[in-house]
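The values are calculated or read from the model by the stated rules, or taken from the named source; none is laboratory data. Because the structure is predicted, anything quoted here is derived from the model rather than measured. So basically every Cβ, Gly included, is an ideal-geometry build from the backbone, and we count neighbours across all protein chains shown. Accessible surface areas use protein heavy atoms only, side chains included; no ligands, DNA or RNA. Shrake-Rupley method; radii C 1.70, N 1.55, O 1.52, S 1.80 Å.
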Amino acid sequence: MAENAIGQSVVRREGREKVTGQAKYVDDLSFPGMIFGATVRSSVPRGRIRTISFEGTIPWNEFVIVTAKDVPGKNIVALIEHDQPYLADGMVNHPEEAIVLLAHPDKYLLEEARRHVRIEIDPLPAIFTIEDSLAQKEIVWGKDNVQKSFLIETGNMKDAWTNGHVVVEGAYETGAQEQLYIEPQGMIAVANPADGVTVRGSLQCPFYIHKALIELFALPPEKIRVIQTETGGGFGGKEEYPTIIAGHAALLAWKSGRPVKIIYDRAEDMVATTKRHPSRTKIKTAVDKQGKLTAMNIDFVIDGGAYVTLSPVVLSRGTLHSFGPYACPNVKITSKAVATNTPPHGAFRGFGAPQSLFAIERHMDRVARKVGLSPDEFRRRNFLSDGKTMPTGQIVRDGVDLSALLDRALELSHFHDKRRRFARENTTSAIKKGMGLATFMHGAGFTGSGEAYLASIVAIEATKEGIVRVLTSSTEIGQGKNTVFAQIVAETLRIPIDRIEVTMPDTAIVPNSGPTVASRTAMVVGGLVAEAAKNLKELLKKKDIHFPVKVTAQYQQPKDISFDDKTYRGDAYGTYAWAVYVAEVSVDTVTYEAHVDDFVAVQEIGKVLNPTLASGQIEGGVAQAIGMVLYEKVEWKEGRMVNGQMTNYIMPTSVDVPPIRVFFEGVPYRHSPTGAKGIGELPMDGPAPAILNAIEDAIGVSINKIPCLPEDILEAMERSRA
Amino acid sequence: MPKQIITCTINGQSQRLDAHPMSRLLDVLREHGLTGTKEGCGEGECGACSIFFNGRVVNSCLVPALQAEGATMTTIEGIANGEQLHAVQEAFLKYGGAQCGICTPGMIMAAVALLKEKPNPTEADIREGLAGNLCRCTGYMKIFESVMRVFKGKGTDLEETCPHK
Ligand code: FES
Ligand code: FES
């Protein structure tokens, strides 16, 4: 069975369908009588809707038209707060907010019609930046624009700043980033009072949609069915937004009695759906004579956009990673998610951590410079290790040796040799080269008591024919869940992998194993799959079994992991992946272009279940993060993205990426039956600070803001000359 | 608007396709069941819609449907030889060249074209040759590896199975 076993690069289960073009994505499906849906949106950031009129020579009587008053249940997108409507009713709070839905059998006429819906809105003052929101220049959400805040405090901050220690302050900013999955969002709905509502589409979290449609249609749970179609990338972008498209398609289907397909084109997808939260972080640290951190004061703020959506949990993860992999006795962290009149920012691989880790890892480099230590040595003196305590009070028990990871990364990248050589060569060259590193961790699974609340369930079924079926709501979005789950079952049951089917999520068939987010699928759900497989193995030992048989396994919080959601103290995550990334960059001081020439990613991710899939995750994440730093800039005007096309929002191509060299260390996670930890988000965290640290090494200019495109490098260099 | 009939050859079969006169070749292919050709952007940037059109790889989202009159085309559905995968498909499958799979059909078309032109490509050739095809999942490393492996392992098979010698 060796070829099936955990740890082997088993070939992707649905790979054959993908390489032959047979895999069916939502836009590849069609149903008898199906018509097409379109969304008419707000053209202003904030205001009161006065009139909606249907103009031109459009045969309006042929159209299905839905507005807020057609909603059968509650006009709210049920998620965390109930503040976001499916269709704006009276007020609009951001550009591109959905107001009217249209459907028609002819796509071309539909597009024409969309342009002839006239919505008059009396504008109200709007705000677009974190600073304006904090200053309450206008109150656009709740009493004070604050959607969520956290405070973490440990030790005593008072004396740290005055007793002769080196104090460094800094402010760091990150911009929005578009997920840019290559398959745009889309859904097909069939809905009527007799059968209820069925939606199929490109999505990460079937039960999020299920829960929201129950409220939208005021139907019992068994009348709502959500089915995933092959999904062409998610990266968090298909975590919460598909709930809205599913609702829209279902409202049109409900009213028309016909199947309705809504597919966003690229421009609509880019301007209307979620992006990574912009952030700004202020950090003040004190360091003693031995180069040890004695105090950290961190203030982390993210722009939540017009509605709360997932911002509280993004803020939480960002806050809980803001101190980096360092020990420090006196820490105070304050954080806020604030409202602006932009479309809500949302889930994107890393979920707040890339933002706050960017800040601390840039800051650590600046402090190292100030205290006269190399960036690696300064970090090494402050690393967390087993037995040490995080600011949340969590004691590290991962068996991690960050110093060893650092050594390996320095050696593989020739960090010090190259740094010395570049420093020499840079004096006579217009192309300046530099080396930069980042050390960091990423918490695996839901934050705090999240996994305990979710209490995920998986099921495994064995049929008379000898087929073993894995039933979970975890979605395959390219990360390899189908393959890894099959490997886990094959290993546990010692059966050939082709006897195992991993079912496509369908809420009518699969139990709720939670959403496909938070680097939790291989570790948490995969662990449950292993457990269920063990249960099945036990069962099959008995006599007189009547097939098919079904076993389940449910998540139970390990006894030694606990978190207090009120005080924000305790084990924020059951375990962390730990990493050291090194970037080698060159900056052309004539064109101001920066390029990453080599990239070394060393990480400790527990047991590696499938090396090809695991390194594929790291490589893809690093490339996406390189995009976030050097290529991808969302241009805003009055809360609206104005470069919402692939021609002017530029992601890395095959000529832009460096060789991405991936190395794993594996200390098995004690609470995972397979030993695996989460890895999907980790590679998003390290590249940004590593690259900007390398840019500073190359040109001697400190840039503390991403994205960092040629115009930003030019500006920073001019500022430093002035 | 009345539809028009386009006569052309797709994957070795002659076809008569009806098309909305404003539609793009991409739409017509997909409406006629060839959904392996994908739309990622609709503006010639992502390459997900790549097909062979009279022997050249083009972005089918940029070709007006009516231009396909008399053309010979191959889509991803015509790359394998029945059940037998093309060497490039085999390599993508084996070496992790496909993750979410949405860029994969277009990427495979570009790779097949590249290997047809340069059977022994350098890494730089591969990077250049695939620069019109965006992938958000893989960071391209495993795509490069897949293409490398084709020429290292099975260069000659490719010539035999490639429909565009
Ligand atoms: S869809 Fe044709 S190039 Fe993107
Ligand atoms: S595999 Fe997902 S875009 Fe390339």
Residues of the stretch B:66-90 being closer than 18 Å to residue B:7 by Cβ and free of Cβ contacts under 8 Å to residues at least 60 places away in the same chain, in sequence order, are B:67
Quick check on my filter: what residues within the stretch A:278-325 are in contact with a Gly (Cβ under 6 Å, 6 or more places away or on another chain), among the small types (Gly, Ala, Ser) and more than 16 Å from residue A:443 (Cα to Cα)?
A:311
What number of residues within the stretch A:233-271 are on the phi > 0 side of the Ramachandran plot and either part of a helix (DSSP H, G or I) or more than 22 Å from the chain's Cα centre (by Cα) (or both)?
1
Could you tell me which of the residues B:104, B:75 is facing another protein chain (nearest Cβ under 9 Å) and either more than 19 Å from residue B:147 (Cβ to Cβ) or charged (D, E, K, R) (or both)?
B:75
Which of the numbered conditions does residue A:197 fail, given that it passes all the others? Conditions: (1) in contact with a Cys (Cβ under 7 Å, 6 or more places away or on another chain); (2) within 16 Å of residue A:73 (Cβ to Cβ); (3) of a type in the set (A, V, I, L, M, F, W, C).
(1)
Any idea how many residues of the stretch A:406-463 are over 21 Å from the mean Cα position of the chain (by Cα) and not aliphatic (A, V, I, L, M)?
25
Go through the residues of the stretch A:349-359 one by one and say whether even a single one is over 30 Å from residue A:638 (Cα atoms), open to solvent by less than 10 Å² (accessible area, probe 1.4 Å) and assigned to a loop (DSSP other than H, G, I, E, B).
no
Could you grab me the full set of residues in the stretch B:20-45 that are of a type outside the set (Gly, Ala, Ser), within 14 Å of ligand 1 (Cβ to nearest atom) and either part of a loop (DSSP other than H, G, I, E, B) or without any contact (Cβ under 8 Å) to a residue 24 or more places away in the chain (or both)?
B:30, B:35, B:37, B:38, B:39, B:41, B:43, B:45
In the stretch A:106-134, the residues that are in a helix (DSSP H, G or I) and either modelled with pLDDT under 95 or under 34 Å from the mean Cα position of the chain (by Cα) (or both)
A:107, A:108, A:110, A:111, A:114, A:130, A:131, A:132, A:133, A:134
Kindly indicate whether any position in the stretch B:120-128 is at the interface with another protein chain (Cβ under 7 Å from one of its Cβ atoms), surrounded by fewer than 24 Cβ atoms within 10 Å (Cβ to Cβ) and in contact (Cβ under 8 Å) with a residue 40 or more places away in the chain.
no
What's the number of the only condition in (1) near ligand 1 (Cβ under 10 Å from one of its atoms); (2) open to solvent by 10 Å² or more (accessible area, probe 1.4 Å) that residue B:55 fails to meet?
(1)
Which of the residues that make up the stretch A:553-592 are crowded, with 18+ Cβ neighbours inside 10 Å, acidic (Asp, Glu) and in a strand (DSSP E or B)?
A:584
Conditions: (1) of a type outside the set (D, E, K, R); (2) under 30 Å from residue A:530 (Cβ atoms); (3) assigned to a loop (DSSP other than H, G, I, E, B); (4) assigned by TED's automatic domain parsing to the domain that holds residue A:691. Residue A:391 meets all but one. Number of the miss?
(2)
Could you please find all residues in the stretch A:595-644 being farther than 30 Å from residue A:401 by Cβ and either within 14 Å of chain B (Cβ to nearest Cβ) or part of a helix (DSSP H, G or I) (or both)?
A:595, A:627, A:630, A:631, A:632, A:643, A:644
Within the stretch A:6-44, work out how many residues are open to solvent by less than 20 Å² (accessible area, probe 1.4 Å) and more than 12 Å from every other protein chain (Cβ to nearest Cβ).
6
Could you look through the stretch A:151-200, keep only residues that are within 14 Å of chain B (Cβ to nearest Cβ) and touching a strand residue (DSSP E or B) at 6+ places or on another chain (Cβ under 7 Å), and pick out the one that is nearest to ligand 2 (Cβ to nearest atom)?
A:183
Within the stretch A:151-182, track down each residue that is open to solvent by 10 Å² or more (accessible area, probe 1.4 Å) and of a type in the set (Asp, Glu).
A:153, A:159, A:169, A:173
Considering residues of the stretch B:32-43 that are more than 20 Å from residue B:20 (Cβ to Cβ) and touching a helix residue (DSSP H, G or I) at 6+ places or on another chain (Cβ under 6 Å) only, the residue farthest from the other protein chains (Cβ to nearest Cβ)
B:41
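Results for (1) under 22 Å from residue A:98 (Cβ atoms); (2) within 16 Å of ligand 1 (Cβ to nearest atom); (3) modelled with pLDDT of 95 or more, shown as yes or no for each residue.
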{"site": "A:217", "(1), (2), (3)": "yes, no, yes"}
{"site": "A:223", "(1), (2), (3)": "no, no, yes"}
{"site": "A:233", "(1), (2), (3)": "no, yes, yes"}
{"site": "A:242", "(1), (2), (3)": "yes, no, yes"}
{"site": "A:245", "(1), (2), (3)": "yes, no, yes"}
Count of residues meeting criterion [outside any strand (DSSP E or B), touching a residue at least 60 places away in the same chain (Cβ under 8 Å) and surrounded by fewer than 21 Cβ atoms within 10 Å (Cβ to Cβ)] in the stretch A:45-69
2
Out of all the residues in the stretch B:81-92, is one or more among the hydrophobic types (A, V, I, L, M, F, W, C) and either part of a loop (DSSP other than H, G, I, E, B) or within 16 Å of ligand 1 (Cβ to nearest atom) (or both)?
yes
Being outside any helix (DSSP H, G or I) and away from ligand 1 (no atom under 16 Å from the Cβ) is the filter here; which residues of the stretch B:93-133 pass it?
B:95, B:96, B:97, B:98, B:99, B:118, B:119, B:120, B:121, B:122
Selection status of residue A:282, in a helix (DSSP H, G or I) and open to solvent by 20 Å² or more (accessible area, probe 1.4 Å)
no
Criterion first (of a type in the set (Asp, Glu), more than 28 Å from residue A:389 (Cβ to Cβ) and either surrounded by 24 or more Cβ atoms within 10 Å (Cβ to Cβ) or in contact (Cβ under 8 Å) with a residue 12 or more places away in the chain (or both)) does residue A:303 satisfy it?
yes
Search the stretch B:139-156 for residues that are under 11 Å from residue B:115 (Cβ atoms) and of a type in the set (Asp, Glu) and pair each with any residue that is at pLDDT 75 or above and within 16 Å of ligand 1 (Cβ to nearest atom) when their beta-carbon atoms are under 7 Å apart and the residues are at least 6 apart or on different chains.
none
